[in-house]
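Each value in this text was obtained by applying a stated rule to the coordinates, not by laboratory testing. Because the structure is a prediction, the values reported are computed rather than measured. Every residue, glycine as well, gets a Cβ built from its backbone with ideal geometry; the counts of neighbours run over all protein chains shown.
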């Protein structure tokens, strides 16, 4: 009798659990999938033009979120034009406070010095952590030479981040003409030092294996390891270089020149980026 009861109830219970699991997965996918208002078309564009078309149109923001002890991955895609408008408005406010307001004499130097540090942190995190996380190696590295793909990927990302730093650099140029000497250093930092350092930091983080591929939004891309702590080292180094650049105009020009030259030489080397593609593949990028 018990066997007969079990023979009837167990299949029914398993069936209900299966539907429950399926419903849970559907809810999870709906909660974690990103929806976009429209799709992009790359018809008629060469592979390189398609890379620039996408990355100059959008900024991808990625990061880990820890909520109530549960760690997950979140991503957002923001139009570059929207970022540029917001940055321009903030740069206008910055220009007013540091150059036109009644408190300009008091605020100009502290604000002009702090701004490049803040912009440097934002840009470095955006570049070093977000450039490779969403890449699909099986498609990107087989569609064209990995070196060509990665170089244009980094260059397009570096140019797109100017939507964040560019308006503030222009505001600093205006302040420099108004007699704020520190604004000259700040302009050099924002236009050359930060952009060059971002390329170098992105390379370093990928080379050390401190960035992991994200395969599903809302899920952890992989187990956190000590190597990922190394990703913060370039940020500290760049902050030190920015502070030194703000102290001396000569140091600012020298640091910008060295970082610019290093990033240019790195971008010209195909073997460097083929090595990065191999390194990412070793780390499990698919």
(Q) Run the simple label-point estimate for residue 82 and residue 173 please: 7 Å along Cα→C-beta, distance reported in nm. (A) 2.8 nm
Q. Under a plain spin-label model, where a point goes 7 Å from the Cα along Cα-to-Cβ, how far apart in nm are residue 56 and residue 204?
A. 2.9 nm
Q: Provide 132, 141 in ascending order of the number of other Cβ atoms located within 10 Å of each residue's Cβ, fewest first.
A: 141, 132
Q. Which FRET efficiency value, to the nearest 0.05, is calculated for residue 145 and residue 181 with the Förster distance at 51 angstrom and r the Cβ-Cβ distance?
A. 0.65
Q. Assuming R0 = 41 Å, what is the FRET efficiency of residue 48 and residue 114, from their Cβ-Cβ distance, to the nearest 0.05?
A. 0.60
Q. With each pseudo-label sitting 7 Å past Cα toward Cβ, what's the residue 261-residue 278 distance in nm, one decimal?
A. 2.8 nm
